[in-house]
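Below is one structure, written out as structure tokens; the observations come after it.
Read-outs: derived from the displayed coordinates by stated rules, not from any lab. Being a predicted model, the structure only gives us computed values, none of them experimental. Note: ideal-geometry Cβ built from the backbone for every residue, glycine included; neighbour counts use all protein chains shown.
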Amino acid sequence: MKKTLLVIAGPTAVGKTALCVEMAKSFHTEIISADSRQFYQELSIGTAKPSRDEQGGVKHHFIDSHSIHDYFSPGDFEREALKVLTDLFQTHDIVILTGGSGLYLKALMEGLDDMPDVDLNLRENLMLALETDGLEKLFTQLQSLDPEYATKVDSQNPQRVVRALEVCLSTGKSYTSFRNQQKADRPFEMIKICLDRPREELYARIDLRMDMMLADGLVQEAKDFEAFQDRYALKTLGYKEVYGFFRGEYDEAEMVRLLKRNSRHYAKKQLTWFRHQDDFEFVHPDKAFNYIQGKLK
């Protein structure tokens, strides 16, 4: 049998974990997680990290693999995940890759552009500047160094802004000049699906998940790491809304409304990204297992 990577993508709260655990048990395999926030050991509630029970005894790689103090880029993930995948394919014909972080999924599936090595001191200085001066100032700098990429990058994504800046500053060339969009050849087959549900169904699941996060202690988790709120891991959905509440920018009811609204907006953004990829099949979670089995025959 050809070595096959099953890519199970999809928006937040769509039901990826339960399906992937079911499939991993059926195929006697393991799971590589490409959720860029579940890497962090310190954070569990706000990242919707699956509990040990939810993981069902299945080995999940890249959950709790790094600290919030680490810089772990899509390129870092590509290199480390390829090593894990190579090892897994020694004993498994099928491995599962799952997550909702499009760039991390893309890194393992297709590879990233070959970027120059960057001095670690420069990276540390930029991360310090991010914490002290804020993202807006770094983005303004990127606009002057690479105006073309500045029109394309998510200006609210600190990791992408910092990555582009460090390339510009270390090489004297634009980040755009290193981007060629060439897909890497991978020595395995891929079956790619994106889980999807009717909008009302998905949004109801998102609202329920947020209620459960709050009941499980999301506010206290954010409080525990308040001193590190300028770290990338904590400047994200689920934490930034709580920190706004802590700063007195709005009351608790408004915090809850923003948590749910922003989660729905994030899910919509995720689905838009996956629809712009040309090789994902959109499948309801209830039909996904049968769809995958049919593709493997």
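Observations on the model:
- MRE, 222 nm, helices only [DSSP H, n ≥ 4, -39500 (n - 2.57), over the chain, to nearest 500]: -15500 deg cm²/dmol
- Cα pair count fraction exceeding 22 Å, expressed as % - segment 53-168: 44 percent
- Segment 120-178, relative contact order [Cα under 8 Å, separation at least 6], %: 34 percent
- Computed over segment 135-275, the percent of Cα pairs more than 28 Å apart is 39.
- Most mobile of 106, 260, 25 in a GNM of the chain (Cα contacts under 10 Å): 25
- For segment 200-268, the relative contact order works out to 35 percent when only alpha carbon pairs closer than 8 Å and six or more residues apart are counted.
- Hull volume per residue, based on the alpha-carbon atoms of the chain and their convex hull, is 134 Å³.
- Cα-only Debye scattering, segment 28-102: base-10 log of I(q)/I(0) at q = 0.13, 0.16, 0.20, 0.22 Å⁻¹: -0.38, -0.58, -0.89, -1.06
- Binned Cα-Cα distances of segment 106-184, short to long, each 10 Å bin given as a whole percent: 19, 51, 28, 3
- Per-residue Cβ neighbour rank within 10 angstrom, fewest leading, 284, 28, 66: 28, 284, 66
- Within a Gaussian network of the chain (alpha carbon springs, distance under 10 Å), most fluctuating of 47, 132, 12: 132
- Dipole of the chain [Lys/Arg +1, Asp/Glu -1 at C-beta], most positive-end residue of 172, 107, 14: 14
- Relative contact order, percent, segment 1-107 [alpha-carbon distance under 8 Å, six or more residues apart]: 46 percent
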